[in-house]
């Protein structure tokens, strides 16, 4: 009795995109375990939530997205949030650079204490910071009472929001500029002085070029931190629409009203702007690195 065997048909090649995807996953799986853990952690903590939020906003449709994102109250919160954060970042860029200069170039009693005070916004809970600022800058507070006779109210106004943003973003500028200033040799300043340069000319032509990328990076980091601040600003502001309401608080108010669509869309706008800021920061850092290499 003879038996016949049916030949096994050749395996059909996978479609191009599917084959590439499986090939990529196979390569990723065969990487060292540290790479797999790193990618897994980043995916769970950052990539997946970000992508899901974007997909949720896209599902609402472009018409609904545009309607919510450009509503009058949303545009008002963008104005309060981004303009105030930009002003706070520029102020910190000036005074943060000055503070970093003093800490690097001078030795004085209480220097270590000042170093610790600068890092206080990192350690202090933002709600506690907001409560402290609202108390100090209120009309009956120690600082606010000085301005009250002139009709200037700080707490529960947009000015108070700006002060809160300055408070929480100052360390970003100081800690970014400080190590760069520490690498600049003091002999460069002395050589410029010996050549007849004034202090202003020395700063403008000798010191500013190498520290400018660090200053801009610190300003960008401080700006992005101020844009996302919630804990302190929600206490020191009145949270009144078209007055001093900021975008993060608007997101929370939408959630309280069970308006998940509005909260998602406003949050997506904030997310996209944050990603844009991230690219700007990386560009500035790359530009500064090229400057150092040259």
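The values are calculated or read from the model by the stated rules, or taken from the named source; none is laboratory data. This one's a predicted model, so the numbers in the text were calculated from it and none came from an experiment. Cβ placement follows ideal geometry from the backbone for every residue including glycine, while neighbour counts extend to all protein chains displayed.
Out of the residues in the stretch 149-162 that are in contact (Cβ under 8 Å) with a residue 24 or more places away in the chain and touching a helix residue (DSSP H, G or I) at 6+ places or on another chain (Cβ under 8 Å), state the one that is nearest to residue 92 (Cα to Cα).
162
Are there helices (runs of 4 or more DSSP H) fully within the stretch 163-256 with at least 2 residues that are touching a helix residue (DSSP H, G or I) at 6+ places or on another chain (Cβ under 8 Å) and buried (at least 22 other Cβ atoms within 10 Å of the Cβ)? List them.
208-227, 233-236, 247-256
Can you name every residue in the stretch 257-268 that is out of contact with any helix residue (DSSP H, G or I) (no Cβ under 6 Å at 6 or more places or on another chain) and either touching a residue at least 12 places away in the same chain (Cβ under 8 Å) or part of a helix (DSSP H, G or I) (or both)?
Across the stretch 257-268, the qualifying residues are 260, 261.
Taking the stated definitions as given, is residue 178 over 28 Å from residue 277 (Cβ atoms), in contact (Cβ under 8 Å) with a residue 12 or more places away in the chain and out of contact with any strand residue (DSSP E or B) (no Cβ under 6 Å at 6 or more places or on another chain)?
no
If you take the residues in the stretch 114-137 that are in a loop (DSSP other than H, G, I, E, B) and without any contact (Cβ under 8 Å) to a residue 60 or more places away in the chain, which one is nearest to residue 229 (Cα to Cα)?
Filtering the stretch 114-137 for residues that are in a loop (DSSP other than H, G, I, E, B) and without any contact (Cβ under 8 Å) to a residue 60 or more places away in the chain, the one nearest to residue 229 (Cα to Cα) comes out as 124.
Would you check if residue 146 is part of a helix (DSSP H, G or I), on the phi < 0 side of the Ramachandran plot, in contact with a helix residue (DSSP H, G or I) (Cβ under 7 Å, 6 or more places away or on another chain) and modelled with pLDDT of 90 or more?
No; evaluated as a whole, the condition is false for this residue.
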